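Participant: Sending over a structure as structure tokens; questions will come in a sec.
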Amino acid sequence: MQTVRTSEELTRAVAQLKRRGTLALVPTMGALHAGHMALVEEAQRRADSVAATIFVNPMQFGAGEDLDQYPRRESEDAEMLERAGCELIWVPSTDDIYPGGFATTIKVSGVSERWEGEARPGHFDGVATVVAILFDLVGAEHAYFGQKDAQQVMVIRQMARDLAIPTQVIACPTVREPDGLALSSRNVHLSPDERAAAPVLRRALLAGRDLWAGGERSGDAIRVAMAAVLAEEPLADPEYVSVADGLTLAELETIEGPALLSLAVRFGTTRLIDNEPIGLD
């Protein structure tokens, strides 16, 4: 495995890998876990070579968010990626991604404006901007993201379509702990009591899914059911409970096609998100 730190080194390394065939990209902010490794494994199944990036993107953190506290452990991350079969890691500096005089931001309207976009103003502008840069400089045929960040995946897909970026965006299923909690780099910030309470997100989503599977099509009824499960957990402080169209993310009164159930919940200072697609068959 090769680790590069500048765009010039990256260009040379990518050219070598592309001589072997197709290249897949797994963009990360580090603090890797089994969910990231699942992305690498899926990338290996679909491409001849796999590259990963480790970059904590300051543009997607708002005022008062946890940029300084975001876990950074490059050596451990590199070991995990090497064991998973990743051939190249790019670890750029902030100046390499955003050189002096950088003045461009990409805004994806519509799908970026609800939920996480409303709760974290400017977040998806930062995501879209950095991913466009990564896609452009790596030039991979495929890029892999986790379904846990479903809205992020939709924003990135829209950005790539609109800017005619040929990299195909592939979403992989959420990887979970045995008790249902979605793997996240932020889980390490949970206290023991908060960690014990956090699986309530999954229980709430499953309650909504089960209600839908039983024939309920009222968005309000399913939102109420999910909120009721969250209310049973004293440490859970919900920010939003959503039943939205699976393509536009507009909140639904009636579910008539693919939809996305999603939640954002705070446990103390830690904010967790999760989702459950329904009606995709």
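The values are calculated or read from the model by the stated rules, or taken from the named source; none is laboratory data. If you're wondering where the values come from, they're calculated on a predicted model, not measured in any experiment. Cβ sites come from the backbone with ideal geometry, for glycine too, and all protein chains shown count toward neighbours.
Participant: What single numbered condition from (1) within 16 Å of R271 (Cβ to Cβ); (2) not in a helix (DSSP H, G or I) fails to hold for L230?
Facilitator: (2)
Participant: Let me ask another. Out of (1) in contact (Cβ under 8 Å) with a residue 40 or more places away in the chain; (2) assigned by TED's automatic domain parsing to the domain that holds G257; (3) buried (at least 21 other Cβ atoms within 10 Å of the Cβ); (4) not β-branched (V, I, T), what's the single condition that is false for A197?
Facilitator: Answer for A197: the failing condition is (3).
Participant: Looking only at residues that are touching a Phe, Trp or Tyr at 6+ places or on another chain (Cβ under 9 Å) and over 13 Å from H142 (Cβ atoms) in the stretch 15-35, which one is modelled with the lowest pLDDT?
Facilitator: So in the stretch 15-35, the residues touching a Phe, Trp or Tyr at 6+ places or on another chain (Cβ under 9 Å) come out as 24-31.
Restricting the remaining residues to those that are over 13 Å from H142 (Cβ atoms) gives 28-31.
Values: T28: 97, M29: 94, G30: 93, A31: 90.
Within the stretch 15-35, the match that is modelled with the lowest pLDDT is A31.
Participant: Hey, can you tell me all the residues within the stretch 69-107 that are farther than 14 Å from Q2 by Cβ and assigned to a helix (DSSP H, G or I)?
Facilitator: E74, S75, E76, D77, E79, M80, R83, A84, T94, D95, D96, I97
Participant: A further question on this structure: If you go through the stretch 97-148 one residue at a time, how many are over 25 Å from T22 (Cβ atoms) and not basic (K, R)?
Facilitator: Here is the first cut: in the stretch 97-148, the residues over 25 Å from T22 (Cβ atoms) are 98-126, 129, 148.
Then drop every residue that is not not basic (K, R), which leaves 98-106, 108-113, 115-119, 121-126, 129.
Residues that pass the stated criteria total 27.
Participant: Okay, moving on. Within the set of pairs 6+ apart or on separate chains, which have a first residue in the stretch 43-55 that is in the same structural domain as L134 (by TED's automatic domain parsing), a second that is small (G, A, S), and C-beta atoms under 6 Å apart?
Facilitator: A43/A24; Q44/G85; A47/A24; D48/G21; V50/A24; V50/A43; I54/G30
Participant: May I ask you to say which residue of L201, L206 is more than 29 Å from L25 (Cβ to Cβ) and out of contact with any helix residue (DSSP H, G or I) (no Cβ under 7 Å at 6 or more places or on another chain)?
Facilitator: Details: L201 fails: more than 29 Å from L25 (Cβ to Cβ).
Matching residue, one of L201, L206: L206.
Participant: While we're looking at this one, here's another question. If only one of R161, R209 is in the same structural domain as A43 (by TED's automatic domain parsing) and part of a helix (DSSP H, G or I), which one is it? Explain how you work it out, then say what you get.
Facilitator: Working: R209 fails: in the same structural domain as A43 (by TED's automatic domain parsing).
After applying the criteria, what remains is R161.
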